[in-house]
Amino acid sequence: MKIRRRSLSVCRLIVIITITLTLVNLAVGGDDQLMPRWFWETPDVGGIHLAIGFAQSYVRNMEASYEEAFADAAKRLYVDRGCRVTGERAQGSGPVGSFSLGEVAEFHTNETGLDNFTQAVIHIDSVRCGKYIVVLVGTGMVDVDNKITPSPTVEKARKCLEENDLQACGSGTCRTSYYQNLSWQEAERAARIDAAYSIASEVHHFRQKMDNQMVDVTVNKTDVAIAGYKTVGRALDKKNKQVWVFVEAIKEPLR
């Protein structure tokens, strides 16, 4: 299903999307290891940027589900076109072993332009999978492969990454959960942060007293401008109950 403009009436839009989501949901069968090919492998469509959004499936209010997923996709697409990433993560090491001391990270964009940008974003395809829905959007209309396929292995999805002088790679993972849309969103976020650290990071080491014991602390910081992100692939590892997202980040401004 393809919708060329968001100017369609809300009622007509939701009816079309609901019918499509229902048909696709029958094919998927509620198993999120079976999804359209465009979900696992991001199509290469030249100068058109694509992004995916997630939302919980509200059976009695599909309009709200779609709007939430569309907004999530539009904001991710906005960030992926260029942003500044700042972050700090800390790791401790002591007699009991290594442990995380927490992480903070932010994506900095010009939020004042988001609303106008969202109005120009185009809906390309949608799929409902059990308790959540996925919406694919882009900066232009493209044909995508929506054949239902199983998830690739994590190793196969990772091989799609191509690191070079202009690009850095990042991977993000999250435990699967009842609210699988949140797991995918966290993996998307983590992959972008990981790519930022691979471009520029500053490491500090020191010792600190915690619970009457001295521990070694490592703090890793990043502050980098990203010219653009591209999600390369995704994978669902049911055995280890993890979802994975792989991205590439452009190090230098686009010319």
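Every number in this text was worked out from the coordinates using simple rules, so none of it is lab data. A quick note: this is a predicted structure, and the numbers were derived from the prediction, not measured. Cβ atoms come from the backbone with ideal geometry, glycine included; neighbour counts cover every protein chain shown.
Annotations
- Cross-linked pairs LYS221/LYS241; LYS75/LYS156; LYS131/LYS241; LYS75/LYS221: Cα-Cα separations exceed 21 Å for LYS221/LYS241; LYS75/LYS156; LYS75/LYS221.
- Rough spin-label spacing in nm, given labels placed 7 Å along Cα→Cβ, for GLN56 and LYS131: 0.9 nm
- Values of log10 I(q)/I(0) for segment 10-250 across q = 0.11 Å⁻¹ run -0.61, by the Debye formula with one identical scatterer at each alpha carbon and no solvent.
- Each label was represented as a point 7 Å from its Cα along the Cα-to-Cβ direction; for ALA200 and ARG158 these points are 2.8 nm apart.
- Loop-located GluC sites (Glu not before Pro) in segment 160-236, at most 16 other Cβ atoms within 10 Å (DSSP): GLU162, GLU163
- When segment 65-186 is reduced to its Cα atoms, the Kirkwood hydrodynamic radius in Å: 17.7 Å
- Considering every alpha-carbon pair of segment 42-111, the percent of pairs per 5 Å bin, from zero through the bin containing the longest distance, is 3, 13, 13, 14, 14, 14, 12, 9, 6, 3, 1.
- If R0 equals 45 Å, the separation of the Cβ atoms of GLN213 and THR109 corresponds to a calculated FRET efficiency of about 0.60.
- Cleavage-rule hits (trypsin sites (Lys or Arg not before Pro)) in segment 146-187: DSSP loop, at most 16 neighbouring Cβ within 10 angstrom: LYS147, LYS159
- In segment 136-213, chymotrypsin sites (Phe, Trp or Tyr not before Pro) in a DSSP loop with at most 10 other beta-carbon atoms within 10 Å: TYR178
- Net charge over other residues, Cβ less than 11 angstrom from the Cβ of THR149 (K, R count +1; D, E count -1): 0
- Built amide H within the under 5 Å cut-off of ILE226, gap 5+: CYS83, ARG84, VAL85
- Spin-label model distance (nm) - ALA64 vs ASP44, 7 Å beyond Cα toward Cβ: 4.2 nm
- Sorting 63-73, 87-97 by average packing, meaning the other beta carbons within 10 Å per residue, from highest down gives 63-73, 87-97.
- Normalising the average separation of contacting C-alpha pairs (under 8 angstrom, six or more residues apart) by the number of residues puts the relative contact order of segment 10-250 at 26 percent.
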